[in-house]
1. For region 159-173, in order, what is each residue's ³J(HN,Hα) by Karplus, 6.51 cos²θ - 1.76 cosθ + 1.60 with θ = phi - 60°, in whole Hz (x at glycine and Pro)?
2. Tell me which residues come under 5 Å, amide H to amide H, from F29 once H is placed; ignore anything under 5 positions away on its chain.
3. Place the peptides 169-176, 66-73, 9-16 in order of packing, highest mean first, counting for every residue the other Cβ atoms within 10 Å and averaging per peptide.
4. Just to confirm a number: summing +1 for Lys and Arg and -1 for Asp and Glu over residues other than G11 whose beta-carbon lies under 15 angstrom from that of G11, what do you get?
5. For a test of the definition: using alpha carbon positions, the gyration tensor, and the 1.5 limit on a/c, classify region 2-132 as rounded, prolate or oblate.
6. Could you rank the peptides 37-43, 155-161 by their average count of other C-beta atoms within 10 Å per residue, with the highest value first?
Amino acid sequence: MLHIQGIPGIGKTHLLNALAASIGGKGVFVVRMDARWCEPSPAALCRATCRELGVSESEDSSVVASILSDRAKRTLLVLDSYESFRLLDSWLRQVFLPSLGDSVRTILSSREPPRPAWRIAPEWRGLFDSMLLETFSPEVALEYLTSKGVPESSARELNRVGRGHPLALSLGLALHFAGGQVRGSAAAGHQVLEHMAALFLEEAEPGTIQVGTGRLPSANSHRAATGGHATAYPGR
């Protein structure tokens, strides 16, 4: 089982798309679900899995696990936006995923780091690994932008704003070529930051942000939002 962690826009979904396209033609059956659109309950996940498999819906997890395990010689179960399944994490770790057959492999993609139990539970020892997607280095970011036709000076300015973040760089690239009034100006940086702020605040907890009150997230909230991408998690 592999857990992929990365901040919004870092490329998790793009990576999963590329993986699915690559292994889909090699006899691997891919079952992929976005946790944002599924109620975080065992019954709802079972029903959603059945719909993805194209079989009659069932809320019996043992039945669904058996169907999923027998679907193909090799199956990849992908749960994207896994942070939305916080309430299901223990059930998945202790009940559902262990009931799957050896033919099934699982990827969890999340904005948040994995719960410590995945690493310390004896039954998952040697079966769990994690990957942290980080921003591009300055060299890679410049190579990406210049390969798309951006002059080096403009590329450096765009990366000064984007800081190696893949989505920010893509937005900056689009804005650079949008027209003379944007190209090479501070407007590009402002628009990139505006879009990225909207992306990050989209998932903010209710009450965390209050316009005009000066209220800020707690220190714990800040650490949870930013501490996860300082260093990579060592895999087993």
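1. Working through the residues one at a time gives 6, 4, 7, x, 6, x, 6, x, 5, 4, 5, 5, 5, x, 4 Hz.
2. R74, T75, L76
3. On the way: 169-176: 21.8, 66-73: 15.6, 9-16: 18.1.
Top of the packing list down: 169-176, 9-16, 66-73.
4. Values: positive: K12, R111, R163; negative: D80, E134.
Residues near G11 contribute +1 overall.
5. Values: a/c = 1.32, a/b = 1.13, b/c = 1.16.
Judged from the Cα gyration tensor, region 2-132 comes out rounded (a/c under 1.5).
6. Numbers: 37-43: 14.7, 155-161: 19.7.
By packing density, highest mean first, the sequence is 155-161, 37-43.
Each reported figure results from applying straightforward, stated rules to the coordinates on display, with no laboratory input. What you are looking at is a predicted structure, and each value in this text was computed from that prediction instead of being measured. When we count neighbours, we look across all protein chains shown, and the Cβ atoms used for this are built from the backbone with ideal geometry, even at glycine.
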